[in-house]
Amino acid sequence: MEDITKKATDEGYVETLFHRRRYIPELKSNNYMVRQFGSRAAMNTPIQGTAADIMKIAMIKVKQEIQKRELQSKIVLQVHDEMMIEATKEEKEEIKEILKESMESAIQLEVPLIADIAEATNWYDCK
């Protein structure tokens, strides 16, 4: 973590696994609290930013597969590492397979990505 902060201070930015950059000028601030914020941002961005990148890839894969199969289902919401799909009862099982496959194969890492799938008839019950 210290290495990440040091590198970010020297270079002015940190990168995700996909080389998306986040510039962190706060690390050069004269204000201690602002520098501390910059340090936390530098440490969190490679992990949280990479997770966001992976989720975007998964969403694209889901959308492409839905279009390819000419399904009526659609992505309605994405928050952090969750994706909500509105699906017809007839497409429910097929959509669950598409979701699981797309999310787990978004990127190959040393540690496998595991996606849990849940279903509900309304947003309140969806957990």
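The values are calculated or read from the model by the stated rules, or taken from the named source; none is laboratory data. Small disclaimer: the values here were computed from a predicted structure and weren't measured. Positions of Cβ are backbone-derived with ideal geometry, glycine not excepted, and every protein chain shown enters the neighbour counts. The area values use the complete protein model at the heavy-atom level, side chains included, leaving out ligands, DNA and RNA. Shrake-Rupley method; radii C 1.70, N 1.55, O 1.52, S 1.80 Å.
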**Request:** Consider E26 carefully, then state whether it is in contact with a helix residue (DSSP H, G or I) (Cβ under 6 Å, 6 or more places away or on another chain) and modelled with pLDDT of 95 or more.
**Result:** yes
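Condition check ((1) modelled with pLDDT of 95 or more; (2) loosely packed, with under 13 Cβ neighbours inside 10 Å; (3) assigned to a strand (DSSP E or B)) across all residues:
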position	(1), (2), (3)
I75	yes, no, yes
Q78	no, no, yes
K96	yes, no, no
K100	yes, no, no
I107	yes, no, no
T121	no, yes, no
D125	no, yes, no
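Do you know which residues across region 81-127 are touching a Ser or Thr at 6+ places or on another chain (Cβ under 6 Å) and without any contact (Cβ under 8 Å) to a residue 24 or more places away in the chain? Full working, then the answer.
In the first step, residues of region 81-127 are kept if they are touching a Ser or Thr at 6+ places or on another chain (Cβ under 6 Å); the result is 85, 87, 91, 95.
Within region 81-127, I85, A87, E91 meet the criteria.
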**Item:** region 39-58, subset open to solvent by 40 Å² or more (accessible area, probe 1.4 Å) and either polar (S, T, N, Q) or touching a helix residue (DSSP H, G or I) at 6+ places or on another chain (Cβ under 8 Å) (or both), residue nearest to L109 (Cα to Cα)
**Value:** Q48
**Prompt:** Can E65 be described as surrounded by fewer than 16 Cβ atoms within 10 Å (Cβ to Cβ) and within 30 Å of E119 (Cα to Cα)?
**Reply:** no
**Prompt:** Filtering region 1-38 down to residues that are among the hydroxyl-bearing types (S, T, Y) and either open to solvent by less than 100 Å² (accessible area, probe 1.4 Å) or touching an Asp or Glu at 6+ places or on another chain (Cβ under 8 Å) (or both), which residue is farthest from L109 (Cα to Cα)?
**Reply:** S29
**Message:** I'd like the residue in region 58-75 that is within 14 Å of E86 (Cα to Cα) and among the basic types (K, R) and, out of all such residues, is farthest from the chain's Cα centre (by Cα).
**Reply:** K74
